[in-house]
Amino acid sequence: MSDVNRASRDAAGPEAAAFALSLTAIGALVLTLYRCAMWIAYRPEGARISTDLQLVVWMGWRFDLKVMAVLALLLLLPAWVLPLSLRRRFLVIGGVVVLLLVNLLALVNYYYFGFYGSSIDPMVFGVFEDDTAIVWHTVVHGYPLLRLLALWLAVSVIQALLVNRMAAWLARALAPRKWNRALGFIVLLALTLLARGSLGSLPLGTKHLSVVADPFTNQLVPNALLATYIAVKLRNQTSLDDNPNAGLNNYGFRSPREAAAVLGMSGAPDDSALLAGLYARTPFDAVTQQRPPHVVFALMESFGRHILEYQRADNDVLGRFARHMHEDYLFLNVVSPQNGTHGTLESLLLNSPITPLTQGRFGYRKYAAAAALPYQAAGYRTVFLTSGPASWRNIADVLKRQGFDEVIDVSTLRKRYPDADFNIRGAADEYSFRYAMELIANGDRAGRPVFVFLFTTNNHPPYEAPSSYVPRPLNIDVYGARAPNDRELGQRILTTYQYSADALGGFLDDLKASPLGEHTVVVAVGDHNTRQFFHYTGYDELPLAYGVPLYFYLPPAARARATFDPQRFASMRDVFPTLYRHSLSASCYFSSGDDLLGPEPAGGSAGLALYEYMLAPEGAVANLKEPQFLRWVDDRHVGLRPFDGEIPAMLKLRAQREKARVALLDWHTRMSALKSLPTWPPCAAEHVAAGR
């Protein structure tokens, strides 16, 4: 080899190595700056730099170095096998692509955190599964895209210049050394160690993401790339493997019978018997048997608890619904099962803690625990009614396999009400309620009870109330420092919140004023809390972060047997068992929860949010798998703090029971998806015998 070729080859080692080191260092620095910007933008009022924050920044920086080292290695290794004439071009172009990707994900993560209160998670895939036009409209009208585009490009260009300058300086400093032939291997070793993240026996991994107790500060640990990787990994887990016990094992149970024993369900000889034990039957009721009531279930988009707590004369966020809230049954100690609409729908309608469940081949299964099946088996006309498109998440195909006779969407409403108000989400909510009234009126004339599951859409980005709607008084100032910095956005949220609640109130006004009110049961509940208005930053606000109001209307004749405790804790899993108890006679159903309008069970009640956080009279539990026990600050059951004394035995017992219940729900869902269980394993023969 000539001296010239040898010199060129030797010089290439320092140049490529210097570039990889510079890309790692500059990339990690900027990711850390993004983390600090998120803390500044979203920190709780009065938050100060603390030891916890320093620990989070330190651990976050380690993860930043880890992901940037991985990316640098992905460039460095192929660069070494390229001809010298292509190597520099490859490194420069590859480095620019890496920086563009890193900055794009970091900006997405910044705004995602502001919207959802967490780093990128599996819900981000809803962007690709929702109506693309709606998502794009929301992004275009809700965010300064041109400014963000300019910022993205500017930061990426500045980083690229810094990387090149730093790489050139390092190459000049290292090239004259006698050991530069070994430099590539030294850098490779250094980058490998950084990618591993640790010199100990265990590499830096997701188990190290929990650094401090405060969830807000802890959420800042993963950078955008790591958060995206975790989201993809979790998303792939929801595709289900072939082991129906996978969820059980994840919760620490070796078998379904071990989990069932915690709930007092011992003695089942096999899986079939245990599955049957998860079902129950409503009591026989002669009046209900003779004339089953119509049932309307309104799932209200973003109908969170927190906003309505500021209801007053000059901030009338409830409109016509306000009087019904006081006349009937309203529970406020209720939490949502998921922090997104589709996840909540799957939890409610399929009794599934696994989500997304129906966005693939498992959407074509029939699930024995489907909530509409008891009504369909009882002879009801079962209708899913949405003011949006039925193509969303393929619900038209999915729900017709889950006990719904019909799925009615915006296209039907457009034909029925050609003069109605429509927006990018679909028809205005009032027309969905109007159509629901027509459905039960038609059912009444035909002598057939109707079950309507109504899903509203207006109170959702881009937050557009109908142009014809005249808002009642609203005063964003009553929210003080809790109001969004973007007051125009905050005002739109309050307006659509009020509009949707008012449409529900108008429906109840008409129902109660008609004979239909004598034999119709109504439930209304939010799918999740109102996002983009409040920001929640710690366990101390769990009840507000996931709280949703739950409303029941019972006909006058049915109210005598109802027992109502407004302080009772509840979950979405209790809603359908309550409905079944007050609308069906001797009907089989999946026993997911309790009758909230009946006597409280001996073990008391609890609420479960995201299948992870438990709220109960004695306190709360964060992370059922590895419980962190919290106490109530006062009897309002809003503020929470870690226990500074002995943890109540009942709270520990509740946590273990909730963990067992979730584990069994997971097992039942997997058995249904993987084994294709019969639609009614324990009750089919009894329904036939009853003439249903």
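The table below lists the values:
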quantity	calculated
The range 302-324, residues that are buried (at least 23 other Cβ atoms within 10 Å of the Cβ) and part of a loop (DSSP other than H, G, I, E, B)	Ser302, Phe303, Gly304, Val317
Matching residues in the range 357-389 - criterion: being among the hydroxyl-bearing types (Ser, Thr, Tyr), part of a loop (DSSP other than H, G, I, E, B) and more than 24 Å from the chain's Cα centre (by Cα)	Tyr380
Some residue of the range 291-313 being assigned by TED's automatic domain parsing to the domain that holds Asn475 and without any contact (Cβ under 8 Å) to a residue 60 or more places away in the chain	yes
Any chance Pro389 is within 24 Å of Ser500 (Cβ to Cβ) and either crowded, with 24+ Cβ neighbours inside 10 Å or touching a residue at least 24 places away in the same chain (Cβ under 8 Å) (or both)	yes
Failed item, numbered, when Gly480 is tested on (1) within 24 Å of Tyr143 (Cα to Cα); (2) in a loop (DSSP other than H, G, I, E, B)	(2)
Residue within the range 406-424 that is out of contact with any helix residue (DSSP H, G or I) (no Cβ under 6 Å at 6 or more places or on another chain), in a strand (DSSP E or B), at pLDDT below 90 and more than 21 Å from Leu278 (Cβ to Cβ) present	yes
Number of the exception - Ile493 against (1) surrounded by 17 or more Cβ atoms within 10 Å (Cβ to Cβ); (2) β-branched (Val, Ile, Thr); (3) over 22 Å from the mean Cα position of the chain (by Cα)	(3)
Residue within the range 36-53 that is surrounded by 14 or more Cβ atoms within 10 Å (Cβ to Cβ) and of a type in the set (Ser, Thr, Tyr) present	yes
Lone qualifier among Ala481, Ala503 - being in contact with a Phe, Trp or Tyr (Cβ under 6 Å, 6 or more places away or on another chain) and touching a residue at least 12 places away in the same chain (Cβ under 8 Å)	Ala503
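Yes or no, residue by residue, for (1) at pLDDT 85 or above; (2) surrounded by 15 or more Cβ atoms within 10 Å (Cβ to Cβ):
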position	(1), (2)
Arg631	yes, yes
Leu640	yes, yes
Ala655	yes, yes
Leu664	yes, yes
Leu677	no, yes
Gly691	no, no
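Yes or no, residue by residue, for (1) crowded, with 18+ Cβ neighbours inside 10 Å; (2) in contact with an Asp or Glu (Cβ under 8 Å, 6 or more places away or on another chain); (3) among the basic types (Lys, Arg); (4) not assigned by TED's automatic domain parsing to the domain that holds Tyr42:
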{"position": "Gln532", "(1), (2), (3), (4)": "yes, no, no, yes"}
{"position": "Thr537", "(1), (2), (3), (4)": "yes, yes, no, yes"}
{"position": "Asp540", "(1), (2), (3), (4)": "yes, no, no, yes"}
{"position": "Arg573", "(1), (2), (3), (4)": "yes, no, yes, yes"}
{"position": "Tyr589", "(1), (2), (3), (4)": "yes, no, no, yes"}
{"position": "Ser592", "(1), (2), (3), (4)": "yes, yes, no, yes"}
{"position": "Gln628", "(1), (2), (3), (4)": "no, no, no, yes"}
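The values are calculated or read from the model by the stated rules, or taken from the named source; none is laboratory data. For clarity, every value in this text was computed on a predicted model and none was experimentally measured. When we count neighbours, we look across all protein chains shown, and the Cβ atoms used for this are built from the backbone with ideal geometry, even at glycine.
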